[in-house]
Amino acid sequence: MTDQGSGPADPERDPHWELVRAAARRRVPTPPGLVERVLRSVSGVRGRRGAPPIALPSEGGSLSVSETVVVQLARAVAAEVAEAADGVHVSAVALDDGELQVLATVRFGVAADEAAELLRDRVTEELQRQLGSPPPTVNVHVVDVHPD
Amino acid sequence: MPAEEDSDAGLADRAAAGDHAAFDTLVRRHTPMMYRVALRITGGSAEAEDVVQEAWLAAWRALPAFRHQSSVSTWLYRVVTNGALALLRRRRPTVSLDDVHPGPAGRRRSTLDGALVAEATPERQVVRAEQVDAVLRAIARLDVSQRVPLVLRELEGLSYEEVAEVLEVSIPALRARLHRARVALLGQLRERR
């Protein structure tokens, strides 16, 4: 194929292609803390080895749910709430000392305190609805502000 | 070269058997690549982080079924690429790809003007950086069916065989897509001169 009948047949021989190679050489920094957030998410979802199930109070007794199920459910709910909120992203969800820890980032311009409150309230409500019992306490931490 | 137990394959085997530390080593080793690919495909850093998070969770869930039919890194390329594509399908269609690699205001049209710069004087390095920004913006504007193979082949340096494996397409089909992508990219770069 030629470019308007005058260019080289092979795009990689075009002089501009050197810029594509330069783009390939450009370093893309990994966001600070991303690896740790991933590890925390994975750790939260796989649960602690041998951890006992969580007992949630319910009418006439208690409901036992594994840590993994609670974290997976919380992660899915938090992601849905964040997507609907626009400008909020959930980085990680983990269960520490019987409480859910939700790590979130917000877009520049979004009020972090309002976003955190919204996430905490909605996640708590939705977990309660899905589990049929009061869920573990939900703590939201806004860990970063991103520009886009 | 890593010892057998520290190779990707060895770590994957141990992780599949329940060794959490082995999986964590894979996460530390491959997250920079996963983020780079997700960023180049989605164009947004926050979205790329989400993709990486989900990709690792997906990899953790799928690991017991991993049979080493491809290398671990190729498998992870596939997981993160599929995650990025899934996000693009869900994305609202109003996001401007011009925001992906913003360059200095008012300079976008001129970044590819003039001779391509190779010498490493400070001034020319700045011009070169702007030219590279323009290339990345042009890649981000490509149709996703062209952008993804181009990112994997030209920016990540995967072989044709690896890209075909990641995208689960035949090599002739991949070559055709890549050729169209390269022609489209060059067309954009020339348009902006």
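Just so you know, all these numbers are worked out from the coordinates, no wet-lab data involved. None of these values were measured; they are calculated from a predicted model. Here the Cβ is made from the backbone with ideal geometry for all residues, glycine too, and neighbour counts use every protein chain on show.
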>> Around B:ASP24, under 12 Å between beta carbons, what's the net of Lys plus Arg minus Asp minus Glu among the other residues?
In response: +3
> What GluC sites (Glu not before Pro) in the range B:144-175 are in a loop by DSSP, with at most 16 other Cβ atoms within 10 Å of the Cβ?
Replying inline: B:GLU168
>> For a quick check: with amide H placed at 1.01 Å from N, whose amide H comes under 5 Å from A:SER66's, ignoring anything fewer than 5 positions away on the same chain?
In response: A:ILE54
> When chain A is treated as a GNM, springs tying every alpha-carbon pair under 10 Å, which of A:VAL102, A:VAL42, A:VAL90 comes out with the largest mean-square fluctuation?
Replying inline: A:VAL42
> Based on the Cβ-Cβ distance from A:ASP86 to A:GLU117, what FRET efficiency comes out when R0 is 22 Å, to the nearest 0.05?
Replying inline: 0.90
>> From zero outward in steps of 5 Å, how is the percent of C-alpha pairs of chain A spread across the bins?
In response: 2, 9, 15, 16, 13, 9, 7, 5, 5, 5, 4, 4, 3, 1, 1, 0, 0
>> Under 5 Å between amide hydrogens, which residues at least 5 positions from A:ALA92 or on another chain qualify, with H placed 1.01 Å from N in the peptide plane?
In response: A:LEU103
> Ordered by residue, what ³J(HN,Hα) values in Hz, to whole numbers, does the range A:68-79 give under the Karplus form 6.51 cos²θ - 1.76 cosθ + 1.60, where θ = phi - 60° and Gly and Pro are x?
Replying inline: 4, 5, 4, 5, 5, 5, 4, 5, 5, 5, 4, 5
> Calculated from DSSP H runs of 4 or more alone, at -39500 (n - 2.57) each and per residue, what is the 222 nm mean residue ellipticity of chain A, nearest 500?
Replying inline: -13500 deg cm²/dmol
> How many percent of DSSP beta bridges within the protein assembly as shown run antiparallel, rounded to 5?
Replying inline: 60
> Between A:SER133 and B:SER71, how many nm apart are label points set 7 Å from Cα along the C-beta direction?
Replying inline: 4.8
>> Give the separation of the Cα centroids, the range B:145-174 to the range A:107-148, in Å.
In response: 39
> Check A:VAL142: other-chain or 5+ apart residues with amide H under 5 Å from its amide H, H built from backbone geometry?
Replying inline: A:ALA104
